[in-house]
Amino acid sequence: MSLLFKLKNITINERTLCNYLNAMRRLFVLEDVHAWSPSLRSKTTIRTSVKRQLADPSIATAIKRVDVNGMLQDLNTFGFLFESLGARDMRVYAQANYGEIFHYRAS
């Protein structure tokens, strides 16, 4: 049985979605940021799913043809792109020191 994902008015097969995500990873468009996890005995409840971020947020702005004024009109999107930019830079610095980055989301 195949799962279907519905986004707005678009329905996509799970296998097709996985193929698209894998292609974007291989092309270095998307990068997975794994979840930080506390010690095994911790009572902290956190989400442990992988978070996907753009490898370079300028790709999204180029595709949407957004300039500075457009970004200032949509601060929510600006926040997501700024987060991707910060994560990209932190990943570069961490990898230079044999480290990695994680995300944290409390439930």
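When the stretch 48-98 is limited to residues that are without any contact (Cβ under 8 Å) to a residue 60 or more places away in the chain, part of a helix (DSSP H, G or I) and among the charged types (D, E, K, R), the one that is surrounded by the fewest Cβ atoms within 10 Å (Cβ to Cβ) turns out to be D89.
Restricting attention to the stretch 68-105, the residues being more than 17 Å from the chain's Cα centre (by Cα) and not acidic (D, E) number 14. The residues of the stretch 1-47 that are at pLDDT below 80, part of a strand (DSSP E or B) and touching a Lys or Arg at 6+ places or on another chain (Cβ under 7 Å) amount to a single one, I46.
The values are calculated or read from the model by the stated rules, or taken from the named source; none is laboratory data. Since we're looking at a predicted model, the values are computed, not measured. Note: ideal-geometry Cβ built from the backbone for every residue, glycine included; neighbour counts use all protein chains shown.
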